[in-house]
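Undergrad: Quick one: this structure, given as structure tokens, is what I'll be asking you about.
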Amino acid sequence: MRFERKLLPAVRAMGLGLLLLIPAGGLAMDVDDAPAAVVIDFLQNLYEPVHFDHTMHLDMATCSHCHHHTIGTGPANPLCARCHAGAGEGDIVACSDCHDAQPFTVENLKKTAEPKLFHIDKPGLMAAFHINCRGCHEEAGGPTGCQDCHKMTEAGEKRFNTGKYAPSGYKAVPKHHDAEKKHE
Amino acid sequence: MNTQLSRRSFIRGGLAGTVAAAVLKDKKASAAHNFEGYPDAMGVVVDLTRCVGCRSCEAACNKEQRLPEPAEPFDDFSVFDYMEHGQKRRTDEAHYTVVNRYDVPAIDHPLFRKIQCFHCNEPTCLTSCFVNAYTKTPEGAVIYNPKVCVGCRTCLVACPFYIPTFKYSSAFSPRVMKCIFCYDTRLKKGKPPACVEACPQEALTFGKRTDMLRVARQRIRETPGKYIDHIYGEHEAGGTSWMYLSPVPFGEVGLDTDLPNEPILNYVKGFLSFVPVVLTLWPALFAGFHLLATRKNRVEQSHNDANREG
Ligand code: SF4
Ligand code: SF4
């Protein structure tokens, strides 16, 4: 059944910690088929999970801006279209099905070394999110500060020597601008 | 700038003139020109179009290398405004890597550039060290052995990127502090360095150096206009394991564009590995290095004085 075919990658994605909340009943790969929300919680423990409002983003971008050539609408990027122009709907829809959470393992570096492979430079999962999401946010005026999307955890505060782990004697300088943003 | 010039002239004029004159005639020395680096050396491409200046790499480095608590949190971005003697932040004994901001007029947003040891194919720190305290490992890392270091500071002066610094906490055991590519804890085990793993933007891409060159070339080729058509570090100083891609000329993001394409101390290398000659010339060498080191101090001193007056 088609639904099961769609569900499989999602289940695999859950294994990686990416939870896809699949709405019940949808059979075709169209907008109604899309999950309403996605919790992205597989990354490090430095930040809390991102509650990604998938439905809200449907109005802001075309599906192929994020799903490239995998959902049968044709890729938005002309570079991808050189090979994937006629690509139909694929089994692979979740980000984590292509973008590896650990991009630089010895195994993955073998792919980078493949002399005939075009995709020697596929970003890992964390980078795929940040390059795509944050890149678009910058262009479209969406939030771009780290903690606009995910709050820092205690482990994060420790890593960054901030919050209750701030250096002793440190006096915070008032931040006049959000330096996390490229655009001021 | 002064300092830079003085160091450069030290390397070219000083060493080449006083020490290596005899060596240049040596045939062995010219053979050293053909060394292309270890074939399986790993590398990193730093893509300045991707870096957002989040300082996650700095924080990760600090923890991985157990460096001292920083003066300010790693999410304090006022450090980008820091200036000392007309210079932005530099690597030092407590910071093996730093990120700096560059406001480039041609672009409507600032650029950020991480710097750390470049892990040169033929490191000048290594070739300039006459007790062999440095090693270039087959994995590409340039590491350092504090046990044999005599604290002469030649490597500090010799590095074309001003990377190594000294830790002076103990006067009796000076120790060079610099990025080691996370060799002990990661690289040796086939893992990427901590900064690479922490970078949310994959502004740092890790792999075999030869593959990183292919990746970098592909980015330049596939996105015309996005990058300057040059991979900084492919040839600079004889080639480096850490390489840069930039949307603007590399000088505008604080990288030295006057570096020669040969290893800085290429000609000295054959000489230094030729032990008997080293031993014969040891006193002369040492006197020379000492002179140069103090001269560099003097230059920096006067440079600083000039700054204070100005
Ligand atoms: S950048 Fe400097 S310290 Fe690093 S390997 Fe090259 S010469 Fe040595
Ligand atoms: S972690 Fe990556 S994006 Fe952030 S400052 Fe470092 S290199 Fe730039």
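The values are calculated or read from the model by the stated rules, or taken from the named source; none is laboratory data. On a predicted model such as this, the values are computed, not experimentally measured, just so you know. Neighbour counts run over all protein chains shown; Cβ positions are idealised from the backbone, glycine included. For accessibility, only protein heavy atoms count, side chains too; no ligands or nucleic acids. Shrake-Rupley method; radii C 1.70, N 1.55, O 1.52, S 1.80 Å.
Undergrad: Taking the radius of gyration and the Kirkwood hydrodynamic radius from Cα positions alone, what is the Rg/Rh ratio for the stretch B:130-173, to two decimal places?
TA: In the stretch B:130-173, Rg relative to Rh is 0.96.
Undergrad: Provide the per-residue ³J(HN,Hα) series for the stretch A:114-129, in order, calculated from phi with Karplus coefficients 6.51, -1.76, 1.60 and θ = phi - 60°, each as a whole number of Hz, with x at glycine and proline positions.
TA: 4, x, 9, 7, 6, 7, 8, 9, 7, x, x, 4, 4, 5, 4, 4
Undergrad: Show me B:245-252, B:53-60, A:141-148 ranked by packing, highest mean number of other Cβ atoms within 10 Å first.
TA: Order by mean packing, descending: B:53-60, B:245-252, A:141-148.
Undergrad: Viscosity 1.306 mPa s, temperature 10 °C: what is the translational diffusion coefficient of the stretch B:36-267 from Stokes-Einstein with a Kirkwood Rh over Cα pairs, rounded to a whole number of µm²/s?
TA: Approximately 88 µm²/s, per Stokes-Einstein.
Undergrad: Something else about it: When the label point is put 7 Å from the Cα of residue A:106 along its Cα-to-beta-carbon vector, which residues of the stretch B:181-204 have a backbone N closer than 17 Å?
TA: Residues B:183-193 qualify, since their backbone N sits under 17 Å from the label point.
Undergrad: Mind checking B:64-76 for the average number of partner chain beta-carbons within 10 Å of each residue's beta-carbon?
TA: The shielding value for this peptide is 5.
Undergrad: Once the Cβ-Cβ distance between residue B:184 and residue A:45 is put in as r, and R0 is 22 Å, what FRET efficiency do you end up with, to the nearest 0.05?
TA: E between residue B:184 and residue A:45, to the nearest 0.05, is 0.40.
Undergrad: Taking only the alpha carbons of the stretch B:68-118, what extent do you get along each of the three principal axes, in Å, biggest first?
TA: Principal extents (largest minus smallest coordinate, Cα): 37, 26, 21 Å.
Undergrad: I would also like to ask the following. So what are the ³J(HN,Hα) numbers for the stretch B:236-252, from phi and the Karplus equation (6.51, -1.76, 1.60; θ = phi - 60°), rounded to whole Hz, Gly and Pro as x?
TA: Here the 3J(HN,Hα) series is 3, 6, x, x, 10, 6, 9, 10, 10, 10, 9, x, 10, x, 5, x, 6 Hz.
Undergrad: Output ³J(HN,Hα) for the stretch B:215-222: one whole-Hz value per residue in order, computed from phi by the Karplus curve 6.51 cos²θ - 1.76 cosθ + 1.60 with θ = phi - 60°, and x for Gly and Pro.
TA: In residue order, the calculated couplings are 4, 5, 5, 5, 4, 5, 5, 7 Hz.
Undergrad: Check which residues have an amide H placed less than 5 Å from residue B:114's amide H, if you skip close sequence neighbours.
TA: B:100
Undergrad: Another question about this same structure. Using the structure shown, select from B:88/B:191; A:158/B:208; B:88/B:226; A:111/B:147 the pairs with a Cα to Cα distance greater than 29 angstrom.
TA: Going by Cα-Cα distance, B:88/B:191; A:158/B:208; A:111/B:147 fall outside the 29 Å limit.
Undergrad: So if the hydrodynamic radius of the stretch A:86-162 is defined as the Kirkwood radius over C-alpha pairs, what does Stokes-Einstein give as its diffusion coefficient at 10 °C and 1.306 mPa s, in µm² per second?
TA: 104 µm²/s
Undergrad: To the nearest 100 Å², how much accessible surface do chains B and A cover up together, summed over both, with a 1.4 Å probe?
TA: By this definition, chains B and A bury close to 3600 Å².
Undergrad: Can you list the residues of the stretch B:217-236 with backbone N under 16 Å from a point 7 Å past the Cα of residue B:210, pointing along Cα to Cβ?
TA: The answer is B:217.
Undergrad: Take the residue pairs A:164/B:188; A:171/B:189; A:122/B:189 and return only those whose Cα atoms are more than 31 Å apart.
TA: Check vs 31 Å cut-off fails for A:164/B:188; A:171/B:189.
Undergrad: P(r) of the stretch B:63-167 in 10 Å steps, Cα pairs, percent per bin?
TA: In order of increasing distance, the bins hold 12, 39, 31, 16, 2 percent.
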